[in-house]
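Bear in mind that the values in this text are calculations on the coordinates, not laboratory data. It should be emphasised that the depicted structure is a prediction, and the values quoted were computed from it without experimental measurement. Methodologically, a virtual Cβ is constructed for each residue, glycine included, from the backbone with ideal geometry; neighbour enumeration extends over all protein chains shown.
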Amino acid sequence: MNLPVVRHPDYVAPLPPHHRFPMAKFGLLYDRLLADGIIRSSQVREPVVAPREWIEWVHCDSYTSDYCEGTLDDRALRRIGLPWSEALVRRTRLAVGGTVLAAQLAIDRGLACNTVGGTHHAFPDFGSGFCIFNDLAIAARFVQKKGWAQRILIVDLDVHQGDGTAAIFKGDDSVFTFSMHCGANFPARKQLGDLDVELPVGTEDDDYLQILARYLPDLLSQVRPDLVLYDAGVDVHGGDRLGKLSLTDTGLFRREMQVLTTCVAAGYPVACVIGGGYCDDMKSLAYRHSLLHRAAADVWRQYGL
């Protein structure tokens, strides 16, 4: 058995030319993982399109229907930052289905990775910052409703605070939200999560990893989750155009190994999503995202999952 990886060809949807969302990275990531022998096509699982019922466990019925049916107003679409199309609706719902599947596989096998996901700026009644439906929140609700997990820990290491996720689970003791992000970055108005760690602009590898080590093991002992949902955003990289932190490729790989070994060694299953990453050099960006899957494959072999 190999590391379960979730992917669908329609994770890439067409956008207008020169749109600033790096849609091409998702196809390049999968191609890089295959080309470098990190994964084989035989270990790839395809998700289903998330039914409206799943989405409405987290999002308002009116927002869900307006987006899916193409009746969302222009102001709401501008806040999301992506144009509406039937292809993008399908892609969005497949991404949600992919994170749900990764959560299922992680509970069953100990570790699994989606090749998209981390849409943590989506709130119950609106989308924001390229995020339409909150895949992390929907996956958490899915496994809870199925009775497969009760306590969920969301570890969000994207450079931007997981504000939508924090708002969704505010006052909900069954889901603990931990976001470690750049304080001087989007969103300007932060939400109050269960644990928010704000990093100064320019934080580098060693300081970043030391701060993470200060919090993660204690959090696992405190929360004792049935599932960890890990948002591995690579926009903490020094070369990211929306970042403001200064991690290197080596630092990113060390981070992924640190998170995954800390969780897996303690017996906590982890479902991973790739989070944000923004760079004009798409090949470099795809490589940064591939570090999550490289680390996961190493941890899978190391612990004999």
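Quick one: which of 98-106, 287-295, 194-202, 134-142 comes out on top by average Cβ neighbours within 10 Å, and what's the full order, highest first?
Per-residue Cβ counts within 10 Å, averaged per peptide and sorted highest first, yield 134-142, 98-106, 287-295, 194-202.
Straight-line reach from LYS145: which aspartates and glutamates have Cα under 20 Å away, leaving out those fewer than 8 places along the same chain?
GLU53, GLU56, ASP61, ASP108, ASP135, ASP172, ASP173, ASP226
According to a simple spin-label model (label point 7 Å from Cα along Cα-to-Cβ), what is the distance in nm between HIS19 and THR261?
A separation of 4.0 nm, rounded to one decimal place.
Hey, can you rank 35-41, 122-128, 111-117 by average C-beta count inside 10 Å, highest first?
111-117, 122-128, 35-41
So, counting K/R as plus one and D/E as minus one, what does the shell of residues with Cβ under 11 Å around HIS8 add up to?
Overall, the nearby charge balance is +3.
To the nearest 20 debye, what is the magnitude of the charge dipole of the chain about its Cα centre, counting +1 on the Cβ of each Lys and Arg and -1 on the Cβ of each Asp and Glu?
For this selection, approximately 520 debye.
What shape does segment 250-305 have by the C-alpha gyration tensor, where a ≥ b ≥ c are the square roots of the eigenvalues, rounded means a/c under 1.5, and otherwise prolate means a/b greater than b/c and oblate the rest?
Prolate, since a/c reaches 1.5 and a/b exceeds b/c.
Shape verdict for segment 202-241, please, from the Cα gyration tensor: rounded (a/c under 1.5), prolate (a/b greater than b/c) or oblate.
oblate
How much net charge surrounds CYS182 when only other residues with a Cβ under 12 Å from its Cβ are counted (Lys, Arg +1; Asp, Glu -1)?
Summing Lys/Arg as +1 and Asp/Glu as -1 gives -3.
Using only the Cα atoms of the chain, build the gyration tensor, take square roots of its eigenvalues as a ≥ b ≥ c, and label the shape rounded, prolate or oblate: rounded if a/c is under 1.5, else prolate if a/b is larger than b/c, else oblate.
Judged from the Cα gyration tensor, the chain comes out rounded (a/c under 1.5).
Of the cross-linked pairs LYS146/LYS170; LYS170/LYS283; LYS146/LYS283; LYS146/LYS244; LYS170/LYS244, which ones have a Cα-Cα span greater than 31 Å in the structure shown?
LYS170/LYS283; LYS146/LYS283; LYS146/LYS244
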